[in-house]
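Student: Please find one structure pasted underneath; my questions will follow.
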Amino acid sequence: MFAFLLELFTSHSTAFEWNDGGRHAAGFQGRAGDCVVRAIAIAASKPYTTVYEDLREANASYVVNKKNRLARSLNARGTSPRNGNHRDVFHDYILKQGFTWVPTMQVGQGCQVHLRADELPHGKLIVRLSKHLTAMIDGVIYDTHDPSRGGKRCVYGYYIKH
């Protein structure tokens, strides 16, 4: 019991606000693997439908112009961003929105930065986690769920708007 109370008082929770990036308002329903679209829409202050369509076009272009395993996978499952998005496609798109990539983890280094307001800079961030992207603005997480795992979730890197 004491360990639980100690953890409760020493946890590094970060403020969270529910936000779907305009997905529901745009008429999209049901579950989807669209965290990339949502995070970009929120942090870049762009309409969900604009980001969705831009990434759909980027996925389709990748399929046409590349001849690798990812292109074959995108071709097989479809180029819709609701099916998930790959770093090889979304990275350049985010950079074109005026963000800069800041890696926080190197191979073999272990976790150095966690999804916590006191470990990340203020400003508009798109934070890359294991199998997830989330938006963080001035220390507040904006997403459809709190992905921080009580401040223990490791951050691979983040895009910051300048």
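The values are calculated or read from the model by the stated rules, or taken from the named source; none is laboratory data. Computed from a prediction, not measured in an experiment: that's the story for all the values here. So basically every Cβ, Gly included, is an ideal-geometry build from the backbone, and we count neighbours across all protein chains shown.
Student: Examine the stretch 69-78 for a residue that is more than 14 Å from the chain's Cα centre (by Cα), free of Cβ contacts under 8 Å to residues at least 60 places away in the same chain and closer than 23 Å to Gly21 by Cα, and state whether such a residue exists.
Tutor: yes
Student: Now for a separate question. Which of the residues belonging to the stretch 10-66 are over 17 Å from the mean Cα position of the chain (by Cα) and of a type in the set (Lys, Arg)?
Tutor: Answer for the stretch 10-66, where residues must be over 17 Å from the mean Cα position of the chain (by Cα) and of a type in the set (Lys, Arg): just Lys66.
Student: Answer yes if at least one residue in the stretch 51-74 is part of a loop (DSSP other than H, G, I, E, B), among the charged types (D, E, K, R), modelled with pLDDT of 90 or more and out of contact with any strand residue (DSSP E or B) (no Cβ under 9 Å at 6 or more places or on another chain), and no otherwise.
Tutor: no
Student: Of all residues in the stretch 92-120, count the ones that are surrounded by 16 or more Cβ atoms within 10 Å (Cβ to Cβ) and out of contact with any Phe, Trp or Tyr (no Cβ under 6 Å at 6 or more places or on another chain).
Tutor: So the count comes out to 9.
Residues are listed down the side, and each one gets a yes or a no for (1) closer than 22 Å to Tyr158 by Cα; (2) free of Cβ contacts under 8 Å to residues at least 40 places away in the same chain; (3) among the acidic types (Asp, Glu):
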| site | (1), (2), (3) |
| --- | --- |
| Ala25 | no, yes, no |
| Thr49 | no, yes, no |
| Ser80 | no, yes, no |
| Asn85 | yes, no, no |
| Asp92 | yes, yes, yes |
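Student: Can you find even one residue in the stretch 124-137 that is farther than 16 Å from Trp18 by Cβ and more than 13 Å from the chain's Cα centre (by Cα)?
Tutor: No, the conditions are met nowhere in the stretch 124-137.
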